[in-house]
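See structure below.
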Amino acid sequence: MPITRINIGPVHPSTHGVLRLVVDIDGDTVKNVEPHIGMLHRGVEKLVETRMYMQSPPYMEKLDYISPLSYDEAYVAAVEAALGVEVKERAQYVRLIQLELQRIASHLFFIGTLCNDLGQMFTTFMWAFEDRDKVLYLLQEATGSRMFYVNMRLGGVVRDLPPDFAEHALNFLDYLDKRLKEYESFIEKNPVFMERMKGVGVLSRADAIDLGVTGHVLRASGISYDVRKDKPYYVYEKLNFNVKTQQGGDNFARYKLRMEEIRESARLIRRALNTIPEGDALGMPIRLIGPSAKNKISMVSRELPRGEALMYLVADPQRPYRLSIRSPCFINLAALGHLTSDVRLADLFAIMGSLDLVVACVDR
Amino acid sequence: MKIDRENLQRKVAELKKAGYTYLVKITAVDYSTNVQAVYILRNIPKSEDVTIEIDLGNDDLWLPTLIDHYRAADWYEREMSEMFGIEIRGRVARRLLLEKWDGVDPPLRKNFQWNAPYKST
């Protein structure tokens with residue numbers, strides 16, 4: 001049969017943003033996929049060069065609208081490294097709690113949209129969004145905002161946790177434990193889901209390293225690398241963080257890994273809430289200055305919900321001279337061509353869903 | 001570490017043999033008189049990173065490709081190539097992010113007029 005070239009996107013419900021795929025198919029078999037990106041490119045790296053240091057966190061949050069706080073924190077951490085600012089002890093706990101809550105929200109979003117991409121289970125989508133909303137309420141309680149938080153300041157946070165936050169958060173985590181069991185029994189006993197997840201989109205260990213994939217895609221291929229463990233920041237080491245891995249390397253392994261990561265995040269939040277020290281967590285007021293030296297390079301890695309982000313910041317006294325962002329979605333999308341060679345066309349979206357892309361994060 | 005671009009492929013092959021099998025990022029910084037390319041490689045079991053810096057000057061901007069060593073280099077090289085106007089030798093570097101953009105200057109270079117009125121070519 002002759003090769004047919006079809007165009008998917010740029011506006012398509014399963015591409016999770018403005019992403020265009022040019023797909024060569026032979027009958028129902030995908031022969032080649034070429035992603036065309038850049039339609040959501042806003043030039044954030046250039047924009048940052050034209051702003052003072054603490055004017056940029058709101059831009060950073062728009063890079064990944066599913067987990068804005070994580071990008072915000074990664075950028076502020078890079079600025080802190082350039083300025084040599086220490087983060088207060090209580091603030092480290094507050095940040096960790098908020099980051100892990102953000103991770104839970106993001107992973108719930110992933111599970112919901114993945115099931116939606118598979119075309120079968122709108123129920124899971126509604127469930128996951130309902131539970132994600134509960135996390136957003138918690139974050140709203142903590143930061144005052146529902147979607148874009150901008151809660152990081154140099155050395156601390158804008159708002160400390162409110163007095164009854166711990167109780168609300170612990171109640172939610174107990175509820176979530178029960179809920180995750182329901183998800184698993186609902187999803188994993190569904191033959192359609194399993195058929196399209198098990199053994200589909202397999203990425204071997206060697207390929208995962210060679211393609212440079214990151215985050216859950218890397219760990220689902222059996223490689224234990226998590227910035228929270230390997231280059232620990234804040235109190236992750238103190239709270240005894242465990243890296244979760246899966247051996248399968250397929251769609252199911254990526255889904256299962258995220259389920260486990262939600263549980264691990266919940267465990268971390270519980271421990272952090274129980275051991276959080278008293279004291280001051282507030283950061284410095286916004287200062288319109290930078291480091292005293294010119295061209296000071298700081299490199300900061302952070303484990304975002306979607307994988308490792310690396311901020312390569314060349315800092316000047318007035319404003320960033322250059323900020324290079326290593327986006328986790330960018331490199332995971334680059335691996336799509338490899339993952340989808342010789343799969344069925346319908347599985348293309350199952351695989352894309354399991355990569356959990358945010359196109360804003362790809363394009364920057 | 002700082003090396004010359006002529007030695008890049010040899011050095012990377014050595015590092016890869018020594019366990020630096022994961023490419024984290026390829027990027028560049030324009031220091032006005034000098035464009036510097038930055039390669040970050042990682043040894044995953046030891047969780048060690050190494051940064052390679054290459055000074056390219058301002059006129060003769062080219063780099064050898066690393067696509068034979070790391071498949072991850074593909075998109076990073078394409079991005080760097082169009083954002084900094086660096087020619088990547090040894091491969092076809094098609095455009096990636098700015099496919100339809102008809103501007104002249106590479107946008108992340110310092111002489112790029114980011115606030116100039118748009119002129120259609």
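The values are calculated or read from the model by the stated rules, or taken from the named source; none is laboratory data. Note that the coordinates shown come from a computational prediction; the quantities given were computed from them, not determined experimentally. Every residue, glycine among them, receives a Cβ derived from its backbone with ideal geometry; neighbour counts consider all protein chains shown. These area figures cover heavy atoms from the full protein model, side chains too; ligands, DNA and RNA do not enter into them. Shrake-Rupley method; radii C 1.70, N 1.55, O 1.52, S 1.80 Å.
Some notes on this structure:
- In summary, strands (runs of 3 or more DSSP E) completely within segment B:1-112 and bearing 1 or more residues that are of a type in the set (D, E, K, R) and within 11 Å of chain A (Cβ to nearest Cβ) occur at B:22-30, B:35-43, B:48-55.
- Test: residue in segment A:238-256 that is open to solvent by 10 Å² or more (accessible area, probe 1.4 Å), over 19 Å from the mean Cα position of the chain (by Cα) and under 27 Å from A:P162 (Cα atoms): yes
- Annotation: A:A253 fulfils all but one of (1) modelled with pLDDT of 90 or more; (2) farther than 30 Å from A:K31 by Cβ; the unmet one is (2).
- Members of segment B:1-49 found to be in contact with a helix residue (DSSP H, G or I) (Cβ under 8 Å, 6 or more places away or on another chain), open to solvent by less than 20 Å² (accessible area, probe 1.4 Å), touching a residue at least 40 places away in the same chain (Cβ under 8 Å) and β-branched (V, I, T), listed by number: B:I26, B:T27, B:V35
- Among the residues of segment A:279-318, those identified as surrounded by fewer than 17 Cβ atoms within 10 Å (Cβ to Cβ) and not aliphatic (A, V, I, L, M) are A:G279, A:D280, A:P285, A:R287, A:S292, A:K294, A:N295, A:P317, A:Q318.
- Pick from segment A:282-336, criterion closer than 18 Å to A:Y59 by Cβ and of a type in the set (V, I, T), ranking: nearest to the other protein chains (Cβ to nearest Cβ): A:V314
- Counting only residues that are away from chain B (no Cβ under 12 Å) and surrounded by 24 or more Cβ atoms within 10 Å (Cβ to Cβ), segment A:204-216 holds 2 of them.
- Number of residues in segment A:217-273 that are part of a helix (DSSP H, G or I) and either more than 14 Å from every other protein chain (Cβ to nearest Cβ) or of a type in the set (G, A, S) (or both): the value is 23.
- Residue in segment A:337-362 that is surrounded by the fewest Cβ atoms within 10 Å (Cβ to Cβ), counting only those that are within 12 Å of another protein chain (Cβ to nearest Cβ) and closer than 23 Å to A:V227 by Cα: A:V359
- For segment A:197-213, the criterion of being in a helix (DSSP H, G or I), touching a residue at least 40 places away in the same chain (Cβ under 8 Å), touching a Phe, Trp or Tyr at 6+ places or on another chain (Cβ under 9 Å) and more than 27 Å from A:L310 (Cβ to Cβ) is satisfied by at least one residue.
- Segment A:66-165 holds helices (runs of 4 or more DSSP H) entirely within its bounds, and those carrying 3 or more residues that are open to solvent by less than 10 Å² (accessible area, probe 1.4 Å) and under 30 Å from A:A346 (Cα atoms) map to A:89-117, A:122-143.
- Within segment B:12-30, the set of residues being over 15 Å from B:M80 (Cβ atoms) and out of contact with any Pro (no Cβ under 8 Å at 6 or more places or on another chain) comprises B:V12, B:A13, B:E14, B:L15, B:K16, B:K17, B:A18, B:Y20, B:T21, B:Y22.
- A search for C-beta distances below 7 Å between a residue of segment A:62-75 that is among the hydrophobic types (A, V, I, L, M, F, W, C) and any residue that is part of a loop (DSSP other than H, G, I, E, B), counting only pairs 6+ apart in sequence or on different chains, returns A:L63/A:R364; A:I66/A:V358; A:L69/A:Y149; A:L69/A:N151.
- Complete set of residues in segment B:62-109 that are open to solvent by 30 Å² or more (accessible area, probe 1.4 Å), at pLDDT below 80, in contact with a helix residue (DSSP H, G or I) (Cβ under 9 Å, 6 or more places away or on another chain) and among the aliphatic types (A, V, I, L, M): B:A93
One line per residue, one yes/no per condition, for (1) open to solvent by 20 Å² or more (accessible area, probe 1.4 Å); (2) in contact with a Leu (Cβ under 8 Å, 6 or more places away or on another chain); (3) of a type in the set (S, T, Y):
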residue: A:D174; (1), (2), (3): yes, no, no
residue: A:L180; (1), (2), (3): no, no, no
residue: A:S221; (1), (2), (3): no, yes, yes
residue: A:V227; (1), (2), (3): no, no, no
residue: A:K231; (1), (2), (3): yes, no, no
